[in-house]
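*Asks:* One structure is given below, represented as structure tokens, and several questions about it will come after.
The values are calculated or read from the model by the stated rules, or taken from the named source; none is laboratory data. The structure displayed is predicted, hence computed values, not measured ones. Using ideal geometry, Cβ is built from the backbone for each residue, glycine included, and neighbour counts are taken over all protein chains shown. Ligands, DNA and RNA are stripped out before the accessible areas are found, and what is left, the full protein with its side chains, is counted by its heavy atoms. Shrake-Rupley method; radii C 1.70, N 1.55, O 1.52, S 1.80 Å.
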Amino acid sequence: MDAKPIPAARPLPVQEIDVFTDTREVLAHAHKGAQKRGFQDWLICDVDAHHVETVNWHEMVRYIEDPVIRHQAMLFHQEKTGGAPYGLNGDAGLKYQDVGGRIPHQAGVREPVDDKSVHRDVTLTRRAMHSLGIDYMVLFPTPMLTLGLHPQPEMEVHLSRAYNHWLIDNVLKADSRIKTLAYLPFNTPREAEAMITEFADQPGVIGFCVPSVRHKALHHNDYMRCYAMLQELGKPVAFHAAYHWQDPSLATVNRFLGMHALGFAWCNMVHMTNWILNGIPERFPKLKSIWVESGLAWVPFLMQRLDDQYLMRPSEAPQLKRLPSEYMREHCWYTTQPMETVNMKALQVTLEMINAENQLLFASDWPHFDFDLPQEIYDLPFLSEQAKRNILGLNAAKLFGLDPRPVKSL
């Protein structure tokens with residue numbers, strides 16, 4: 001008897017995504033995965049998510065306090081010059097982010113929003129939180145993360161203060177589950193101090209952020225008042241990595257892939273080295289620092305490298321009472337994204353070295369092209385359930401003083 005021919009498999013329809021695609025459609029599979037894993041009963045805090053603040057730049061510039069700068073910014077948008085948003089210092093790498101149009105969603109979200117009762121960024125954030133199974137989401141800006149290299153330091157001051165006010169008034173006040181680490185204009189230490197005083201008790205502000213793309217030494221005495229203020233307030237400081245292709249240290253890298261791979265780790269490696277060897281954890285033992293969006297693979301390397309060199313030259317770091325790696329393990333918090341998973345044995349060792357069960361925080365980096373799901377942590381076979389619960393939410397709840405009970409509905 002002849003066997004019946006097996007019909008050819010029909011190809012699955014390709015999901016087409018553009019800047020108008022609804023977040024819930026983009027994350028539909030992720031939402032099913034969250035339901036399947038029972039995340040309804042898990043506290044999940046996303047410590048690093050983004051919105052594209054330049055979509056609302058015409059709104060934000062109205063918060064600039066200097067009347068001349070505000071007038072210029074408003075005229076700039078009224079005239080529709082076609083240039084970059086007023087005051088920002090652009091970067092060539094941004095043109096490569098959407099991979100030739102294949103990943104356009106993160107480049108400038110334009111999805112329809114019918115609800116007029118809240119700002120559209122509130123609705124978009126809620127859509128992402130619901131789809132990912134998130135209880136709390138910490139929002140960061142995106143293009144503004146390179147303002148630390150702006151040739152006009154005062155522009156970082158004007159724009160960061162305006163952004164903080166705009167975000168609080170339009171997004172954070174509308175939903176207590178949406179949080180932020182308020183931007184600090186660290187190139188101008190006195191202004192950074194004023195920002196800490198101004199925003200420490202504002203709704204939704206659970207700490208402060210220093211964008212890491214800058215050439216200022218974080219251990220300079222000019223910053224000691226900032227660290228003392230943050231320690232007294234009990235507010236953590238986050239160093240959020242990014243890249244800038246015009247940075248001299250990356251100028252010879254001729255592929256976006258290489259610049260993106262190195263840039264996000266390099267800036268925080270430099271700052272961490274200075275942070276530890278200049279004894280900041282000894283001077284401010286209760287100050288909590290978070291190292292954001294650098295991945296994790298760089299941490300074991302730097303631990304080993306600094307320990308090796310310190311043991312040969314301890315006199316050059318006289319404030320240290322322990323090995324550099326011990327400070328990195330016990331005084332520093334890290335975020336997962338983008339967690340390098342190609343070599344799972346290496347990842348397991350990395351998580352052990354950084355005391356991940358107590359010091360690691362989940363971050364999605366939504367909606368950027370390399371974002372991660374909570375499942376990335378939940379599915380790791382070598383973590384205990386308690387470690388997974390800690391990393392996905394309980395560590396963040398303890399660090400930021402959040403309610404550890406889940407508040408989402410899947």
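*Asks:* Can you tell me the Rg and Dmax of segment 250-298, counting just the alpha carbons, in angstroms?
*Replies:* 13.5, 42
*Asks:* Would you mind checking the pairs LYS36/LYS388; LYS235/LYS388; LYS286/LYS321; LYS32/LYS116; LYS216/LYS398 and listing those with alpha carbons more than 22 angstrom apart?
*Replies:* Table pairs above 22 Å Cα-Cα are LYS235/LYS388; LYS32/LYS116; LYS216/LYS398.
*Asks:* Follow-up. Roll a 1.4 angstrom probe over the protein heavy atoms and tell me the percent of accessible area of segment 279-359 that is carbon or sulfur.
*Replies:* The computed percentage sits at 52.
*Asks:* Could you state the number of Å between the C-alpha centres of segment 208-263 and segment 299-347?
*Replies:* Going from one Cα centre to the other spans 17 Å.
*Asks:* For the peptides 240-252, 111-123, 155-167, 268-280, what is the packing order when you average, over each peptide's residues, the other Cβ atoms within 10 Å and list the highest mean first?
*Replies:* The most tightly packed comes first, giving 155-167, 268-280, 240-252, 111-123.
*Asks:* If you bin every alpha carbon distance in segment 341-410 into 10 Å steps from zero, what whole percent lands in each bin?
*Replies:* Taking every Cα pair in segment 341-410, the percentages come to 18, 50, 28, 3.
*Asks:* Please state the relative contact order of segment 109-236 as a whole percent: Cα pairs under 8 Å, 6+ residues apart?
*Replies:* In percent, rounded to a whole number, it is 25.
*Asks:* If I stretch the segment between LYS398 and VAL349 completely, what's the gain in nm (0.36 nm per residue apart, minus their alpha carbon distance), one decimal?
*Replies:* Extra length available between LYS398 and VAL349 comes to 15.2 nm.
*Asks:* Taking the Cα atoms of segment 160-206, what is the range of coordinates along each of the three principal axes, in descending order and whole Å?
*Replies:* Sorted largest first, the three principal extents are 31, 16, 12 Å.
*Asks:* Moving on. Can you pull the three principal axis extents for the Cα set of segment 371-410, in Å, largest first?
*Replies:* Projected onto its principal axes, the Cα set of segment 371-410 covers 28, 21, 18 Å.
*Asks:* Given points 7 Å out from each Cα along the Cα-Cβ axis, report the GLU198 to VAL118 separation in nanometres with one decimal.
*Replies:* Result for the modelled spin labels: 2.6 nm.
*Asks:* Between ASP379 and PHE301, take the C-beta separation as r, use R0 = 45 Å, and let me know the FRET efficiency to the nearest 0.05.
*Replies:* Given R0 = 45 Å and the Cβ-Cβ separation, E is 0.95.
*Asks:* Still on this model: To the nearest 10 Å², what's SER325's accessible area with a 1.4 Å probe?
*Replies:* Spelled out: SER325, probe radius 1.4 Å, area about 20 Å².
*Asks:* Hey, another quick one. Could you report the chain's accessible area per residue, 1.4 Å probe, as an integer in Å²?
*Replies:* For the chain, the solvent-accessible area averages 47 Å² per residue.
*Asks:* Defining a contact as two alpha carbons under 8 Å apart and six or more residues distant in sequence, what relative contact order in percent does the chain show?
*Replies:* 21 percent
*Asks:* For segment 106-262, what is the largest minus smallest coordinate of the Cα atoms on each principal axis, given in angstrom and ordered from greatest to least?
*Replies:* So the three principal-axis extents are 45, 43, 27 Å.
*Asks:* So for segment 243-396, considering every pair of alpha-carbon atoms, how many percent are separated by more than 25 Å?
*Replies:* Summing the P(r) of segment 243-396 above 25 Å gives 34 percent of all pairs.
*Asks:* Please work out how much length the chain gains when fully extended from LYS321 to LYS32, using 0.36 nm per residue of separation minus the C-alpha to C-alpha distance, in nm with one decimal.
*Replies:* Stretched out fully, the LYS321 to LYS32 stretch lengthens by 99.1 nm.
*Asks:* Then there's this: Would you mind computing, in nm to one decimal, how far apart the modelled labels at MET312 and GLN72 are, each placed 7 Å from Cα along Cα→Cβ?
*Replies:* 5.0 nm
*Asks:* Calculated from the structure, semi-axes √(5λ) of the Cα gyration tensor in Å equals which of (1) 33, 29, 22; (2) 34, 25, 19; (3) 38, 24, 22?
*Replies:* (1)
*Asks:* Could you state the per residue volume, in Å³, of the convex hull enclosing the Cα atoms of segment 187-234?
*Replies:* 76 Å³
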